[in-house]
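The values are calculated or read from the model by the stated rules, or taken from the named source; none is laboratory data. Keep in mind it's a predicted model, so treat the numbers as computed, not measured. A quick note on method: Cβ atoms are made from the backbone with ideal geometry, for glycine too, and the neighbour counts reach across all protein chains shown. These accessible areas exclude ligands, DNA and RNA; they are computed on the full protein's heavy atoms, side chains included. Shrake-Rupley method; radii C 1.70, N 1.55, O 1.52, S 1.80 Å.
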Amino acid sequence: MSLAAESPSPSSPSSSSGSDDFAALLDAELELTSAADSASAGDPSAATDDDDEGGDEEEEDVVVVVEQEDAIVEQSSTKRRRVEDQHRHQAVVMKSDEDTVGSSKDVKIDECPPHPGFFGGLCYRCGKRQDEEDVPGVAFGYIHKGLRLGTTEIDRLRGADLKNLLRERKLVLILDLDHTLINSTKLFDLSAAENELGIQSAAKEVVPDRSLFTLETMQMLTKLRPFVRRFLKEASDMFEMYIYTMGDKAYAIEIAKLLDPDNVYFGSKVISNSDCTQRHQKGLDVVLGDESVAVILDDTEYVWQKHKENLILMERYHYFASSCRQFGFGARSLSETMQDERENDGALATILDVLERIHTIFFDPVIKRVRQEVLQGCKLVFTRVFPLHQRQQDQMLWKMAEQLGAVCCTDVDSTVTHVVALDLGTEKARWAVSNKKFLVHPRWIEAANFRWQRQQEEDFPVARPKEKGKENAADAPISKENGDKNAADAANAKKGNENVADAGSTKEGSKENADDAANSEEGSKENADDAANAEKSKSDGAASGATGS
């Protein structure tokens with residue numbers, strides 16, 4: 001969880017430009033810490049004390065380092081003094097402006113004390129140093145070294161985290177390491193049989209999807225439990241996951257790198273024995289997840305005395321011979337027999353099925369409860385939104401508002417908070433305006449349903465009468481222009497139809513004329529033939545007369 005994301009935004013009433021002062025304090029603190037770390041990293045005094053020849057040189061180096069640290073402290077003190085001067089200046093300004101109401105700076109100063117938390121001994125809201133009376137709270141060193149949160153701030157962060165988790169349909173899963181997800185052994189604890197089988201050499205082989213690793217710096221071997229990679233992948237869709245081990249911090253971080261090489265499952269959520277608030281006991285007080293949604297997977301019950309109801313007891317994973325000896329098993333270990341748990345029906349595969357059922361059963365009623373919080377406290381009246389002569393209670397928008405937690409009614413009264421309307425032309429809409437009630441468009445309910453959050457009412461306005469009149473006035477010349485245009489278009493269309501008819505008549509007349517011309521030509525031809533025949537008959541007659549003579 002990001003503290004920055006959950007802290008009040010600069011625009012909120014509880015914040016102010018004093019956040020710049022806090023940033024300056026943080027910069028000074030981080031600069032001091034990083035410079036001191038770099039100085040100590042290069043400190044020759046950290047070398048072995050057996051080297052007597054370089055004793056004088058070491059003393060000189062120590063003097064130099066001390067001088068450097070003094071300079072750093074002095075620089076940091078200068079920054080702090082500058083910040084304190086800024087605070088005093090702000091106090092003077094606010095004192096001279098007491099009549100100003102709602103000043104964000106005034107609100108900020110009133111909030112501390114109590115302090116929400118401390119970072120490096122400084123309150124991360126007002127920058128004040130941590131006093132003895134400010135000690136109560138819980139250290140969250142696994143999130144950031146030097147971070148301590150007060151009870152009120154822890155509750156606030158858990159509440160915000162719970163809402164985010166429920167929106168994402170997720171719960172919290174706390175995972176133990178040894179004998180739950182992995183099994184580890186010291187190299188000197190390997191049995192003769194394990195050494196003969198060359199288990200150390202096998203751990204150094206780099207092969208795809210390997211499950212046996214060597215932790216060189218710790219002189220250890222670690223074996224991942226079968227199915228663990230798929231388990232983490234599928235569980236991450238249902239849970240926000242933490243590692244919680246009684247092992248040391250360095251060991252926990254190394255194992256987390258093996259289980260989550262891409263750092264997508266755990267992030268900083270790796271809790272070790274140094275983070276526990278009670279010796280030899282694990283507790284959810286150092287987890288920024290709400291206890292009501294936490295599920296714990298661990299092979300040891302007695303370390304969870306306060307949270308047994310949240311615990312799913314795991315079957316222990318004994319891979320190495322040293323693990324069997326530790327718990328009094330006389331049988332040969334899995335490593336000695338060169339066997340392992342089965343992937344498909346092993347302990348993790350079985351537990352994953354249980355987690356899926358828990359997730360499903362949990363979210364059936366929870367989804368309904370979270371949805372009803374969206375419009376909780378709103379009382380709605382609808383006007384001219386639904387069709388006439390139909391029951392409003394049967395309409396989808398009415399039912400949607402009720403599912404979001406709103407109370408819907410048909411008549412207005414003083415308890416009504418919202419009137420839902422499409423326009424201001426109804427008596428109920430005008431009542432909302434005159435009584436200063438929220439007047440919203442139906443899309444306000446739809447947006448809340450999609451976003452699972454109550455939306456700003458001013459983003460879903462209903463048009464005011466003047467605005468509607470202006471729109472009508474603006475639309476009038478446009479309508480007239482469109483009417484004239486439509487009339488012109490109709491006239492043109494009519495004229496076009498006449499032209500088409502004329503064209504058809506012309507075409508038909510042309511065809512008739514062509515037929516007449518053809519008939520005339522044929523008649524002329526016939527006449528010419530007749531004339532020719534007549535001439536021929538005449539000639540024949542004359543010839544016959546001559547012959548007869």
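Some values worked out for this structure:
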quantity	calculated
Count - residues of the stretch 116-131 that are in a strand (DSSP E or B) and buried (at least 19 other Cβ atoms within 10 Å of the Cβ)	5
Yes/no for SER414 being closer than 20 Å to LEU181 by Cα and hydroxyl-bearing (Ser, Thr, Tyr)	no
Test result for ASP176, open to solvent by less than 30 Å² (accessible area, probe 1.4 Å), at pLDDT 90 or above and under 30 Å from TRP452 (Cα atoms)	no
Evaluation of ALA331 against (1) over 35 Å from the mean Cα position of the chain (by Cα); (2) touching a residue at least 24 places away in the same chain (Cβ under 8 Å) (one fails), failing number	(2)
Options ARG148, ARG156; residue that is surrounded by fewer than 21 Cβ atoms within 10 Å (Cβ to Cβ) and over 25 Å from GLY346 (Cα atoms)	ARG156
Hits in the stretch 378-414 (condition: open to solvent by 80 Å² or more (accessible area, probe 1.4 Å), in contact with a strand residue (DSSP E or B) (Cβ under 7 Å, 6 or more places away or on another chain) and free of Cβ contacts under 8 Å to residues at least 24 places away in the same chain)	GLU402
Residues that are open to solvent by less than 60 Å² (accessible area, probe 1.4 Å), within 29 Å of the chain's Cα centre (by Cα) and in contact (Cβ under 8 Å) with a residue 12 or more places away in the chain, drawn from the stretch 262-284	TYR265, PHE266, SER268, LYS269, VAL270, ILE271, SER272, ASP275, GLY283, LEU284
Residue count, the stretch 361-407 (criterion: on the phi > 0 side of the Ramachandran plot and at pLDDT 90 or above)	3
Within the stretch 317-328, considering residues that are surrounded by fewer than 17 Cβ atoms within 10 Å (Cβ to Cβ) and part of a loop (DSSP other than H, G, I, E, B), the one farthest from the chain's Cα centre (by Cα)	GLY328
Any hit, the stretch 416-434, residues being in a helix (DSSP H, G or I), basic (Lys, Arg) and within 30 Å of the chain's Cα centre (by Cα)	no
Checking ASP189 against (1) open to solvent by 30 Å² or more (accessible area, probe 1.4 Å); (2) farther than 30 Å from ARG210 by Cβ, the condition it does not meet	(2)
Where ALA250 falls short, out of the listed (1) more than 23 Å from LEU334 (Cα to Cα); (2) assigned to a loop (DSSP other than H, G, I, E, B)	(2)
Filter result (assigned to a loop (DSSP other than H, G, I, E, B) and in contact (Cβ under 8 Å) with a residue 40 or more places away in the chain) within the stretch 290-316	ASP290, ASP299, THR300, MET314, ARG316
Filter result for the condition that a residue is closer than 30 Å to ASN195 by Cα and open to solvent by less than 40 Å² (accessible area, probe 1.4 Å), over LEU375, LEU355, LEU348	LEU348
Candidate set from the stretch 420-439 (those that are under 20 Å from GLN395 (Cα atoms) and touching a strand residue (DSSP E or B) at 6+ places or on another chain (Cβ under 6 Å)); member that is most open to solvent (accessible area, probe 1.4 Å)	LYS428
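Residues checked against (1) surrounded by fewer than 18 Cβ atoms within 10 Å (Cβ to Cβ); (2) within 34 Å of the chain's Cα centre (by Cα):
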residue: GLY198; (1), (2): yes, no
residue: ALA203; (1), (2): no, no
residue: PHE213; (1), (2): no, no
residue: PRO226; (1), (2): no, yes
residue: LYS233; (1), (2): yes, yes
residue: MET238; (1), (2): no, yes
residue: THR245; (1), (2): no, yes
